[in-house]
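Please treat every number below as a calculation from the coordinates, not as lab data. As the structure is a prediction and not an experimental result, all values here were calculated from the model. Cβ atoms come from the backbone with ideal geometry, glycine included; neighbour counts cover every protein chain shown.
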Amino acid sequence: MKASRCLYPGSFDPVTLGHMDVIRRAAAIFDTVAVGVLHNPEKKGCFSVEQRMDMLKRACQGIPNVEVISYGGLLAQLTRETGISVVVRGVRGVNDLENETAMARINRQLNPALETLFLPASPEMGEISASMVRQLAAFGADLSTYVPKEALPVIRAAFQAP
């Protein structure tokens, strides 16, 4: 059975142009891309789930086959509940590939119907990460080449000195 829908999960804390590159490329392959924003009560993110979802929804407005959802718990359970059989993961290099491969194996053990598709980062996006963006934001750097313009106001507001 061919998959018409995929899941691109992550924390998106905050969304970056690297994330958007993966979303656009997945949207060109699949009929529908569900972007899953992880809610992990064990971790305190820089941005709330609602803020992350809002940034993603705004950034994805021009991509009609993208939906933004939130989830908590196991990825394998979410895919089972939604009937999604393909997870898309962006990888920037060897370390990402090793980590994502280990997670893909575990997810496949938990849900044998689940496949993981790795998309290598586009060359110009290979160094962008949410943690790097947070560090740059903390020092007031220009983020316009790292995050979608729709996310800039939320990120700037979060890092403004009181």
Non-local amide H neighbours of Val87 (under 5 Å, H modeled in plane, Pro and chain starts lacking H): which ones?
Leu7, Glu115, Thr116, Leu117
Please give the calculated 222 nm ellipticity per residue for the chain, where each DSSP H segment of at least 4 residues contributes -39500 (n - 2.57) and the sum is spread over every residue; nearest 500 deg cm²/dmol?
-12500 deg cm²/dmol
For region 8-109, run through the GluC sites (Glu not before Pro) and keep only the ones in DSSP coil with at most 10 other Cβ atoms within 10 Å of their Cβ.
Glu42
Normalised by the residues of the chain, what does the relative contact order come to in percent, with Cα pairs under 8 Å and at least six apart?
30 percent
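For region 5-159, give the magnitude of the charge dipole about the Cα centre (Cβ charges: +1 Lys/Arg, -1 Asp/Glu; no others), in debye to the nearest 20.
So the dipole magnitude of region 5-159 works out to roughly 140 debye.
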Sort out for me the Cα centre separation of region 89-146 from region 30-48, rounded to whole Å.
13 Å
Calculated from backbone phi, Karplus (6.51, -1.76, 1.60) coupling profile of region 113-126 in Hz, x at Gly/Pro:
7, 8, 10, 10, 10, 9, 10, x, 4, 4, x, 6, 10, x
Note, region 38-52: 3J(HN,Hα) by Karplus (6.51, -1.76, 1.60, θ = phi - 60°), whole Hz, Gly/Pro = x, goes 6, 10, 10, x, 6, 10, 9, x, 6, 10, 5, 4, 4, 5, 5
State the Kirkwood hydrodynamic radius of region 1-67 in Å, one decimal place, computed from all pairs of distinct Cα atoms.
12.3 Å
Have a look at Ala104, Ala28, Ala130 and tell me which one the Gaussian network model of the chain (Cα, springs below 10 Å) gives the largest fluctuation.
Ala28
